[in-house]
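The values are calculated or read from the model by the stated rules, or taken from the named source; none is laboratory data. Quick caveat: nothing in here was measured; it's all calculated off a predicted structure. Please note: Cβ atoms are built from the backbone with ideal geometry, for glycine as well, and neighbour counts cover all protein chains shown.
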Amino acid sequence: MVPLIKMEVVENFHWMTADEFGTIYAMGNALPGPVATKMAGYVGFKVAGLAGSLVALLGVAGPSLIAMILLYKFLSQAQNIPQVAGMIKGIKPVVIVLLALLILELWPTSFAGWTQAAIAILGFAAIKFLHVHPIVVVVAALAFGAVALR
């Protein structure tokens, strides 16, 4: 969803710049819940106020909700069919590639200097190897940024 939102908001309609999108994406990731709905709500509010925010949220969440209900119904009945099991195994790598492409696109606007890159590396290491809860890393990065990166 996020690459699609980026394409529409930044490239097609020019409602925000790539830098602003990167900032909103980072803020959306720092808050709990799905990032696509938070970004849609922000873009809708920026473009058309509260009504725009509500319409954007409905537009993002509504089709996904309907699709998930239908997909769950199908998969719960067909999960033992070998072709369906293969489809599920086949889609996982595609999702990983889409996330990797998004990271590559946002990388240039995400790090203004070595300090920010070090925060990212330390945050990754703390979560992956030291098993620090992600919210602790987010709060620590916010606190460090507020004090040291003004």
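For the stretch 52-64, the count of residues that are surrounded by 10 or more Cβ atoms within 10 Å (Cβ to Cβ), outside any helix (DSSP H, G or I) and either touching a residue at least 40 places away in the same chain (Cβ under 8 Å) or under 21 Å from the mean Cα position of the chain (by Cα) (or both) is zero. Scanning the stretch 25-50 for residues that are within 30 Å of His133 (Cα to Cα) and either part of a helix (DSSP H, G or I) or not assigned by TED's automatic domain parsing to the domain that holds Glu105 (or both) yields a count of 15. Among the residues of the stretch 81-91, some residue qualifies, meaning at least one is in a helix (DSSP H, G or I) and within 20 Å of the chain's Cα centre (by Cα).
Among the residues of the stretch 93-123, how many are more than 17 Å from Leu31 (Cα to Cα) and either of a type in the set (D, E, K, R) or without any contact (Cβ under 8 Å) to a residue 12 or more places away in the chain (or both)? The qualifying residues number 20. Among the residues of the stretch 135-150, just one is part of a loop (DSSP other than H, G, I, E, B) and surrounded by 11 or more Cβ atoms within 10 Å (Cβ to Cβ), namely Leu149.
Considering the stretch 4-44 alone, what residues qualify as being farther than 20 Å from Gly62 by Cβ, of a type in the set (Gly, Ala, Ser) and surrounded by 19 or more Cβ atoms within 10 Å (Cβ to Cβ)? Result: Gly22, single match.
Any residue at all in the stretch 44-56 that's of a type outside the set (D, E, K, R) and under 30 Å from Ala143 (Cβ atoms)?
Scanning the stretch 44-56 turns up at least one residue that is of a type outside the set (D, E, K, R) and under 30 Å from Ala143 (Cβ atoms).
When the stretch 99-134 is filtered for residues that are exposed (fewer than 14 other Cβ atoms within 10 Å of the Cβ) and under 20 Å from Ala36 (Cβ atoms), the ones remaining, listed by number, are Leu99, Ala100, Leu101, Ile103, Leu104, Trp107, Pro134.
On inspection, Gly22 fails the criterion of being in the same structural domain as Ile96 (by TED's automatic domain parsing), in a helix (DSSP H, G or I) and modelled with pLDDT of 95 or more.
Table: residues versus (1) assigned by TED's automatic domain parsing to the domain that holds Thr23; (2) under 26 Å from Tyr42 (Cα atoms).
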{"position": "Gly52", "(1), (2)": "yes, yes"}
{"position": "Leu58", "(1), (2)": "yes, yes"}
{"position": "Leu75", "(1), (2)": "yes, no"}
{"position": "Gln79", "(1), (2)": "yes, no"}
{"position": "Gly145", "(1), (2)": "no, yes"}
